[in-house]
Amino acid sequence: MQNFQFCIPTNILFGKGQMEHLPEIVGAYGKNVLLTYGGSSMKKTGLYDKIKELLSGWEIYEVSGIASNPLIDSVREGIRICREHQVNVILAVGGGSVIDCSKAIAAGCFYDGDPWEMITSHAEIKEALPIIAIPTIAATGSEADAGAVIRNPETGEKLSLFSPLLYPKHAIMDPVNTFTVPANQAAAGSADILSHLMEQNFVPESTFLSDLLVESVMKTVIHYAPIAVQEPDNYEARAQLMWAGTIADNATLCNGNQLVAFSCHGIEHELSGTFNTTHGVGLAIITPRWMRYILSEKTEKRFAHLGRAVWGITEEDDRQAAEAMIGELEDFFKSLGIPSTLTELGIDSSKFEEMAEHGVETEGLRYTWIPMEKEDVINILNQCL
């Protein structure tokens, strides 16, 4: 078991009616608020009006239209507004993209230079505006982690930044706010959660406790994701997925493991950075192909164990059990209505070589459980067509 240091500074308010605490939470930071959100859905659902009503005594400035795979231009706009109006706190309402964008804004306000330079140079983040997150989808877990991923369409890159200062101070998590999430987004979010769980399981060394925790949360997602897709206002399904998404991504489950980068996330960052794919959809397409590509005497035992523990596979032979597990995962994604090939997304192989070369250099693919080189990434992507 590896040494570890564990601190999650985010105060989480979970359940129905927790929005009523918003004024007292925001009030602790000041009167000037930057409200960040995505499209018009927040206004259609009444959440926007609810926030404006609760914060009627505050000066609220806005950055709206934050895209899936958040763009560096939205970060720049947020920084400009924060500096111009001396914003005290950022209120991020939406999915992982909105929260990630808000984290980059929070850090960029105190960076002397362009925020993309801050990200590419891995500059030390010494100060950041406080963030209050109100997630509206179960997916990335960004409401209680210290990382963000930002896309620059001019360079075709999607890169990460990390700092303990980027943990949201508070996360108000009401599953009711996820009722209006469309079925395809709920499915993609569930795939993202499963990927974060596998990221903690497919490592050089894991603990008995971590394996059991990861497996239990995986079974929770597998049970409740189809219900949430079919019954969007099923509170229990939405609540279970929402909490699963949070604990899948904030190190709660993997303390003591020997952690490394996860190939599927790195490859998908290249995919969504280049083609603007939905992260969870890309992961659902890539992951089974990656598993088949690396299936060997070294990996089959862990795949087989997961298949038996999570999917109830009874094959005694490890190779057969591993192959059955990969099939079950693939079928599960299909059952949620997630596309199963890149061809379905209109993607061809024309940029695979460039993506693979960049991914190996920037995403740590040489330092994963099964190290990847350029040709490996190209082969996996071609199998995804």
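The values are calculated or read from the model by the stated rules, or taken from the named source; none is laboratory data. The structure displayed is predicted, hence computed values, not measured ones. Cβ atoms come from the backbone with ideal geometry, glycine included; neighbour counts cover every protein chain shown.
A quick yes/no check of all residues on (1) crowded, with 23+ Cβ neighbours inside 10 Å; (2) under 30 Å from Met1 (Cβ atoms); (3) in the same structural domain as Glu20 (by TED's automatic domain parsing):
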site: Ile90; (1), (2), (3): yes, no, yes
site: Gly108; (1), (2), (3): yes, no, yes
site: Trp116; (1), (2), (3): no, no, yes
site: Glu127; (1), (2), (3): no, no, yes
site: Ala133; (1), (2), (3): yes, no, yes
site: Glu143; (1), (2), (3): yes, yes, yes
site: Leu165; (1), (2), (3): no, yes, yes
site: Lys169; (1), (2), (3): no, no, yes
site: Ile193; (1), (2), (3): yes, yes, no
Practice item. Tally the residues that are within 13 Å of Pro153 (Cβ to Cβ), in contact with a strand residue (DSSP E or B) (Cβ under 7 Å, 6 or more places away or on another chain) and free of Cβ contacts under 8 Å to residues at least 60 places away in the same chain, restricting the search to the stretch 61-75. Key: 1
**Study point:** Residues of the stretch 113-141 classified as in contact with a strand residue (DSSP E or B) (Cβ under 7 Å, 6 or more places away or on another chain) and among the small types (Gly, Ala, Ser), total
**Key:** 1
Review point. Name the pairs whose Cβ atoms lie under 9 Å apart, with the first residue in the stretch 76-91 and acidic (Asp, Glu), the second surrounded by fewer than 19 Cβ atoms within 10 Å (Cβ to Cβ), and 6 or more positions between them or separate chains?
Key: Glu84/Tyr61
Review point. Looking at the stretch 298-319, is at least one residue among the β-branched types (Val, Ile, Thr) and in contact with an Asp or Glu (Cβ under 8 Å, 6 or more places away or on another chain)?
Key: yes
Exercise for review: Run down Tyr61, Tyr29, Tyr48, Tyr37 and say which single residue is among the aromatic types (Phe, Trp, Tyr), in the same structural domain as Asp100 (by TED's automatic domain parsing) and in contact with a Gly (Cβ under 6 Å, 6 or more places away or on another chain).
Suggested key: Tyr37
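Rundown of residues vs (1) touching a residue at least 60 places away in the same chain (Cβ under 8 Å); (2) of a type in the set (A, V, I, L, M, F, W, C); (3) over 11 Å from Ile267 (Cα atoms), yes/no style:
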| residue | (1), (2), (3) |
| --- | --- |
| Ile338 | yes, yes, yes |
| Thr343 | no, no, yes |
| Leu381 | yes, yes, no |
| Cys384 | yes, yes, yes |
Check your understanding: Do we find that Ile25 is at pLDDT below 95, farther than 28 Å from Asn152 by Cα and surrounded by 15 or more Cβ atoms within 10 Å (Cβ to Cβ) in this structure?
Key -> no
Check your understanding: So which of Leu241, Leu271, Leu306, Leu283 is over 14 Å from the mean Cα position of the chain (by Cα), under 21 Å from Gly95 (Cβ atoms), in contact (Cβ under 8 Å) with a residue 24 or more places away in the chain and part of a helix (DSSP H, G or I)?
Key -> Leu271
**Study point:** Condition broken by Ile72, with the remaining ones in (1) modelled with pLDDT of 95 or more; (2) surrounded by fewer than 18 Cβ atoms within 10 Å (Cβ to Cβ) satisfied
**Key:** (2)
Point to revise | Within the stretch 1-31, tally of residues that are of a type in the set (Gly, Ala, Ser) and not in a loop (DSSP other than H, G, I, E, B) | key: 1
Study note, to complete from the structure: Every listed condition ((1) surrounded by 15 or more Cβ atoms within 10 Å (Cβ to Cβ); (2) within 23 Å of the chain's Cα centre (by Cα); (3) not in a helix (DSSP H, G or I)) holds for Gly337 save (1)
Review point. So which helices (runs of 4 or more DSSP H) are wholly in the stretch 32-151 and hold at least 2 residues that are touching a Leu at 6+ places or on another chain (Cβ under 9 Å) and among the aliphatic types (A, V, I, L, M)?
Key: 47-54, 96-108, 115-120
